[in-house]
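The values are calculated or read from the model by the stated rules, or taken from the named source; none is laboratory data. Here the structure is a predicted model, which means the values were calculated and not measured. No Cβ is skipped: glycine too gets one built from the backbone with ideal geometry, and neighbour counts run over all protein chains shown. Side chains are part of the model used for accessible areas, which takes the heavy atoms of the whole protein and leaves out ligands, DNA and RNA. Shrake-Rupley method; radii C 1.70, N 1.55, O 1.52, S 1.80 Å.
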Amino acid sequence: MKKQGAHIHGRHVLLVWLLWLPSLASAQAYNYPNGSLVADFVVTDVNGNVHDLYDYTAQGKYVFLDFFALGCPPCQETAPYWAEFYQTYGCNSGDVVCLSLDYELNTAAEIQAYADAYCGEWAPPPVVTGALALTSLFGVGNAPNYCLIGPDNVMINNCIWPVASMADFVAALPLS
């Protein structure tokens with residue numbers, strides 16, 4: 001009897017994984033298909049810095065967005081690659097801007113604890129908490145979701161996934 005119960009439990013776990021995995025594959029900014037014009041937005045990060053999409057793109061910058069949640073295991077797994085990319089590309093001082101958009105209303109201390117736990121040796125990109133309105137505007141339903149907007153305000157890639165290293169972010173960037 002125990003063996004059968006273990007078998008049923010194993011099936012239950014497998015079923016949960018099978019139901020969850022497609023959501024990762026379909027995580028994307030549904031409201032902005034690739035090639036569509038992205039509306040301007042202005043957000044403030046946990047340090048009080050204001051970020052305006054059209055200000056960045058008017059300067060010829062590419063804007064990477066990371067829609068994430070602190071308790072999301074795939075977000076935690078990809079956090080060091082995201083932070084490495086941010087730091088490698090100049091911490092938003094070069095041609096690339098990285099912003100992390102947290103679904104929840106986390107405090108600066110909670111964000112720092114997340115960065116300390118998951119970003120490794122890399123400095124994390126600016127984090128905006130309570131980004132549910134922006135998540136809704138973009139049509140993002142799952143985390144993580146990384147997307148790239150070009151200097152012309154056009155969505156280049158509404159779903160950069162899977163992410164197995166920083167190279168996956170680099171590959172999405174159309175710089176020569």
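Any residue in region 48-65 that's under 20 Å from THR129 (Cβ atoms): show its pairings with residues that are modelled with pLDDT of 95 or more and aromatic (Phe, Trp, Tyr) at Cβ separation under 8 Å, as long as the two are six or more apart or on different chains.
Between residues of region 48-65 that are under 20 Å from THR129 (Cβ atoms) and residues that are modelled with pLDDT of 95 or more and aromatic (Phe, Trp, Tyr), the close pairs are ASP52/PHE41; LEU53/PHE41; VAL63/TYR56; PHE64/PHE85; PHE64/TYR146; PHE64/PHE169; LEU65/PHE138; LEU65/TYR146.
Residues are listed down the side, and each one gets a yes or a no for (1) among the polar types (S, T, N, Q); (2) assigned to a loop (DSSP other than H, G, I, E, B); (3) over 12 Å from the mean Cα position of the chain (by Cα):
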residue	(1), (2), (3)
TRP82	no, no, no
GLN87	yes, no, yes
SER93	yes, yes, yes
ASN106	yes, yes, yes
PRO125	no, yes, no
ILE160	no, yes, no
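Looking at region 108-123, which of the residues that are outside any loop (DSSP other than H, G, I, E, B) and among the aromatic types (Phe, Trp, Tyr) is surrounded by the most Cβ atoms within 10 Å (Cβ to Cβ)?
TYR114
Output the qualifying pairs, or none if there are none: Cβ atoms under 6 angstrom, residues six or more apart or on different chains, first residue in region 162-175 and modelled with pLDDT of 95 or more, second residue of a type in the set (S, T, N, Q).
VAL163/THR78; ALA172/ASN157
If I ask for residues that are open to solvent by 30 Å² or more (accessible area, probe 1.4 Å) and more than 14 Å from the chain's Cα centre (by Cα), which ones from region 95-104 would you list?
Across region 95-104, the qualifying residue is only ASP95.
Among the candidates LEU21, LEU15, LEU65, single out the residue that is closer than 29 Å to GLN112 by Cα and at pLDDT below 95.
LEU21
Among the residues of region 125-176, which ones are open to solvent by 60 Å² or more (accessible area, probe 1.4 Å) and among the polar types (S, T, N, Q)?
SER136, SER176 - these are the residues of region 125-176 that are open to solvent by 60 Å² or more (accessible area, probe 1.4 Å) and among the polar types (S, T, N, Q).
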